[in-house]
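Here is the structure we will look at.
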Amino acid sequence: MSVRIDDLDRKILIELQSDGGQSLDDIARSVGSSKTPVWNRIRKMRERGVIRQQTYLLDAEALGFEACFFVLIRTSEHDAGWQKLFLKALQDRPEVQEAHRLAGDIDYILKVRVANARAYDIFYQALISEVKVHNVTALLSMEEIKSTTMLPL
């Protein structure tokens, strides 16, 4: 169910998405309002679940995570027990930045960030030792062309 937001909420969200570390004064100035109404709107959007969390984006390469793999997984298992085990294995691995269940020939796609190919192989070996998968294809990203967390408000 989507939540209704007005133009001022939208402006506030755009500011927060572009730089969540801005001061309340800076956000209020950017959106043409004062601090108290902006704070009240942010608080209400948090309460309604529009704003889930405040976080900082880190530079993966600067921290030594130079390899990004997209991992395509096919499974012949679709029962609840297998799925629970698989989801736990993904949740327990910080290398998995994203995981999606898909429609079509591929069952799941993972975005895995690691230091290098050797680190990916360690991740892969650990994953397949915990859960049975039918087929795994790893695609190494040669260049990140666009990456954003900003929603098109």
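All other residues with a Cβ under 12 Å from the Cβ of SER76 taken together, and with Lys, Arg as +1 and Asp, Glu as -1, what is their net charge? Walk me through the numbers on the way to the answer.
On the way: positive: ARG74, LYS132; negative: GLU77, ASP79, ASP107.
Local net charge: -1.
Restrict the search to the range 30-123; then list the chymotrypsin sites (Phe, Trp or Tyr not before Pro) that DSSP places in a loop and that have at most 16 other Cβ atoms within 10 Å of their Cβ.
TYR56
Hey, what's the Cα Rg ratio for the range 30-96 versus the globular rule of thumb, 2.2 N^0.38 Å?
The range 30-96 yields a ratio of 1.83.
Solvent-accessible area of ASP7, probe 1.4 Å, all protein chains present, reported in Å² to the nearest ten, please.
Using a 1.4 Å probe on the heavy atoms, I get roughly 110 Å².
When Lys and Arg each count +1 and Asp and Glu each count -1, what net charge do the other residues less than 13 Å away from ASN116, Cβ to Cβ, add up to?
-2
Treating only the Cβ of Lys, Arg, Asp and Glu as charged (+1, +1, -1, -1), what charge dipole size does the chain show about its Cα centre? Round to the nearest 20 debye. Mind dumping the intermediate values first?
Working: 21 positive and 22 negative charges, 142 e Å.
In debye, rounded to 20, the chain gives about 680.
Placing one identical point scatterer on every Cα of the range 1-60 and ignoring solvent, what is log10 I(q)/I(0) from the Debye formula at q = 0.15 Å⁻¹?
Rounded to two decimals, the profile gives -0.43.
Heavy-atom accessible area per residue, the chain, 1.4 Å probe: how many Å²?
In whole numbers, the chain has 72 Å² accessible per residue.
The range 72-124: D in µm²/s via Stokes-Einstein (Kirkwood Rh, Cα pairs, 20 °C, 1.002 mPa s)?
179 µm²/s
Hey, any idea what Rg/Rh is for the chain, computing Rh the Kirkwood way over Cα pairs?
Looking at the chain, the ratio lands at 1.08.
Can you tell me which lysines have their Cα less than 27 Å from the Cα of LYS88? Leave out same-chain residues fewer than eight positions away.
LYS111, LYS132
Using only Cα atoms and rounding to the nearest 10 degrees, what angle (0 to 90) does helix 80-91 make with the longest principal axis of the chain?
Between the helix axis and the principal axis of the chain, the angle is about 60 degrees.
Quick one: pull the percent of accessible area on the range 16-112 belonging to carbon and sulfur, 1.4 Å probe, ligands and nucleic acids left out.
Carbon-and-sulfur percentage of accessible area, whole number: 49.
The values are calculated or read from the model by the stated rules, or taken from the named source; none is laboratory data. Predicted model only: the values in this text are computed from it and were never measured. We place every Cβ from the backbone using ideal geometry, glycine too, and count neighbours over all the protein chains shown. Surface areas here come from the heavy atoms of the whole protein model, side chains and all, with no ligands, DNA or RNA. Shrake-Rupley method; radii C 1.70, N 1.55, O 1.52, S 1.80 Å.
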